[in-house]
Amino acid sequence: MRTTITLLIACGALAFAPDSVIESLSWDRLALMHGEVWRLWTGHVIHFSSTHAATDIFALAIVGAIAERELGSRAIRILLLAGAPLISLALVVTAPGLAEYRGASAIAALLGTAAGLQLWRRAPAARVLLGCITLLAIAKTALDFTGHLTHASSLPAGIHVAWQAHLAAVIVAVTFAQRMQSSPWTSLPDGFPMHLQPPTTLTSDDGPSRRGDTHAHYHLS
Amino acid sequence: MRNTISGALVALTLLFAGCVSWFPQQGAKQTGSAVDYLYPDAKQPPNLQPTVTYIRPPVRVGIAFVPGGNWAKGLTEKERMDLLDRVKESFSGYDFIGGIEVIPGEYMRPQGGFTNLEQVARLLDVEVVALLSFDQVQFNDSNALSMLYWTLVGAYVIHGDRYDIQTMVDAAVFDVKSHKLLFRAAGTSQVKGSASLAGFNEQSRAARTQGYDQAVNELIPHLKSALETFRERIRTDSNYRVENKPGYSGGGDFGAFGIVLALILAGIAITVRRES
């Protein structure tokens, strides 16, 4: 849970940061064009208002906890470090009119999708429910696109939902899941979830594992 | 003797003719038309092509009186400002409206058409303009009691004249770029009354003001209702498309709906974990 907690603390602390700090960290198209590349990451941990921050932090806490438990700390660190700038770059391309972006919902969608895919893989019985969530998520994105969900939005007046970020997050998460299945980088000794089952999807080179066993070497078969 | 009678008849005729000149006019009309302003000397209907109108919130709205006609003379400056303020208020409080500008009357050229409207919209940076117009017609009639005006005293105490004042205040909201009428709303009123010959002008003037106030009071809720209807319509009508303005700010928003999804996912994860 360390990664999720660190992320939540960062979002919470930055919600009360001075405007000058927030403005220097937000996803800003012009600033990005001028080489301020840190904004590709930091834009995802700052918000437009305390309500916006509270909503995203709450969602991030839920999906972060699930994702970290299902995938492990190291995997979600990699996912966040690689996924956050990819989402930001996707916004540059897919939302040409967007001048500024803030919010952690895209990385929450990233972690939620990755966790959902892992649950899909290891719990076939839950696939109907997971399918329903997927359909509801598609419906939410469609409603965000058409502007029908503005009354349920936590964004201040005049700020639009950047639904492209959520869509990009899902694509990144699906790509990540596919890579995870085929790549040895998913050997996860650091905080790797011990409950990860079924055994048919995992092999242990070092025999039965226990929590905190940093020598165990896992990879997805 | 004959000369005396003839003289008396002439005098009476002149006196009666003079009295007739005291009587109120047959009626009055004050009018200002958005159609006359936007389509001056139009002999054919405007050739509007079916196009998609782009709405880019937050929309900047301008409010102006239709220039020309004689209707403006019928309103005091205070009444004009009150109407502008009330219309402005009815547009405020919506997050899709970014700003509301009152367009000075001096900028509006009589029969200026969309050319004038586009110039003003560019000058004040507004995309949508609400044009306010006002029509008021006053009909005057005499009743049987007016015969008693000949007693002179009757002209002060007998209500021998009637007025019927019909008023319509109209707000038509146009998209400046596409020239399309987005929506309109109107308020109407009818005020009837009677007055003595001596007090007719004063009372009918007060009735005109009353009729105008009633029409405006009816216009404002109609305008809000039309705005709400339009807001719903653009979501389903393929002739309208809502787009983000270039340079807009966007936020990643999970929202209440997203949190519900996250909670369902958490429930599944907990169940799967327990079962495994």
B:Gly154 vs. criteria among the small types (Gly, Ala, Ser), touching a Leu at 6+ places or on another chain (Cβ under 9 Å) and closer than 28 Å to B:Ala207 by Cα: yes
Condition met for A:Gly112 (in a helix (DSSP H, G or I), more than 9 Å from every other protein chain (Cβ to nearest Cβ) and not aromatic (Phe, Trp, Tyr)): no
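Can you pull out the strands (runs of 3 or more DSSP E) entirely within the stretch B:165-251 that have at least 1 residues that are away from every other protein chain (no Cβ under 14 Å) and under 23 Å from the mean Cα position of the chain (by Cα)?
Details: elements: B:180-195, B:240-242, B:248-251.
Strands (runs of 3 or more DSSP E) meeting the threshold: B:180-195.
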Residue within the stretch A:54-77 that is in contact with a Cys (Cβ under 9 Å, 6 or more places away or on another chain), part of a loop (DSSP other than H, G, I, E, B) and closer than 17 Å to A:Ala165 by Cα present: no
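Conditions tested, residue by residue: (1) farther than 17 Å from A:His52 by Cβ; (2) loosely packed, with under 15 Cβ neighbours inside 10 Å; (3) not β-branched (Val, Ile, Thr).
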{"residue": "A:Arg69", "(1), (2), (3)": "yes, no, yes"}
{"residue": "A:Leu89", "(1), (2), (3)": "yes, yes, yes"}
{"residue": "A:Leu110", "(1), (2), (3)": "yes, no, yes"}
{"residue": "A:Ala115", "(1), (2), (3)": "yes, no, yes"}
{"residue": "A:Trp120", "(1), (2), (3)": "yes, no, yes"}
{"residue": "A:Ile138", "(1), (2), (3)": "yes, yes, no"}
Single match in A:Leu32, A:Leu81, A:Leu40, A:Leu25 (criterion: in contact (Cβ under 8 Å) with a residue 12 or more places away in the chain, away from every other protein chain (no Cβ under 12 Å) and under 17 Å from A:Thr113 (Cβ atoms)): A:Leu81
Answer residue from the stretch B:71-103, given it is in contact with a helix residue (DSSP H, G or I) (Cβ under 9 Å, 6 or more places away or on another chain) and part of a loop (DSSP other than H, G, I, E, B) and is surrounded by the fewest Cβ atoms within 10 Å (Cβ to Cβ) among those: B:Thr76
Selection count, the stretch A:124-165, where residues are more than 7 Å from every other protein chain (Cβ to nearest Cβ), in a helix (DSSP H, G or I) and not polar (S, T, N, Q): 15
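Which one is surrounded by the fewest Cβ atoms within 10 Å (Cβ to Cβ), of the residues in the stretch A:92-108 that are within 7 Å of another protein chain (Cβ to nearest Cβ) and under 18 Å from A:Glu23 (Cα atoms)? Steps first, please.
Keep residues of the stretch A:92-108 that are within 7 Å of another protein chain (Cβ to nearest Cβ), which gives A:95, A:97-106, A:108.
Then drop every residue that is not under 18 Å from A:Glu23 (Cα atoms), which leaves A:98-104.
Working: A:Leu98: 22, A:Ala99: 17, A:Glu100: 21, A:Tyr101: 28, A:Arg102: 31, A:Gly103: 32, A:Ala104: 32.
Within the stretch A:92-108, the match that is surrounded by the fewest Cβ atoms within 10 Å (Cβ to Cβ) is A:Ala99.
Here, each number is a calculation from the coordinates, and none is a lab measurement. Predicted, not measured: the structure shown is a model, and the values here were computed from it. Cβ atoms come from the backbone with ideal geometry, glycine included; neighbour counts cover every protein chain shown.
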